[in-house]
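Structure first, then comments.
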Amino acid sequence: MNNIMTINHPSWKHFVKLLEGKEGCNFRKDTKGEVKWKCKGMHNKDLAKNTLKKHFPGIDIKKSMEYFEKHGGHCDCEILFNVEDNARRLKKKTQFQTVPHEPVMKPNSMYFQAEAVKSVWGKK
């Protein structure tokens, strides 16, 4: 299973950091302090595929994409917003959630700056 990028892969955290960085979704604050990122949506995971190809040789990209889809990662940003939390919920057999571009739950704070999360969800 080490040839599939999952939340249990030893490089998962590194993959997430790359996907949220400049080569990936490029999460950042604009001049007004609002969090912005790039994502084509509509089941497009080109940024994730390119990150895997470039930085993780030997990873089965097709099976990794299937894993992301199964866990709510239908596009690049949804991989970041949904996959880890939903994989943990599935393991615990609790309610599965997805975040379709309009986040209704906080992403794992381990991967996002607290200020960015507060800005996205309007909490001060």
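With neighbours defined as other Cβ atoms within 10 Å of a residue's Cβ, the residues ASP85, ASP30, ASP60 order from fewest to most as ASP30, ASP60, ASP85. Label sites at ARG88 and ASP60, each approximated as a point 7 angstrom past Cα along Cα to Cβ, lie 2.6 nm apart. Here's how it looks for LYS36: its modeled amide H is under 5 Å from those of ARG28, LYS29, ASP30, which are all 5 or more places away or on a different chain.
For the residue pairs LYS22/LYS63; LYS32/LYS53; LYS54/LYS91; LYS29/LYS63, the C-alpha atoms sit more than 28 angstrom apart in LYS32/LYS53; LYS54/LYS91; LYS29/LYS63.
Cβ-to-Cβ counts within 10 Å put MET42, MET65 in ascending order as MET42, MET65, the fewest first.
Here each label is just a point 7 Å from Cα along the line to Cβ, and for ASN50 and LYS70 those points are 2.7 nm apart. Charged neighbours of ILE61, selected by a Cβ distance under 12 Å, balance to +3 (K, R count +1; D, E count -1).
Taken together, the values in this text are just the output of simple stated rules run on the coordinates, not laboratory data. Since this is a predicted model, take the numbers as computed values, not measurements. Counting neighbours? That spans all protein chains shown, and the Cβs are built from the backbone with ideal geometry, glycine included.
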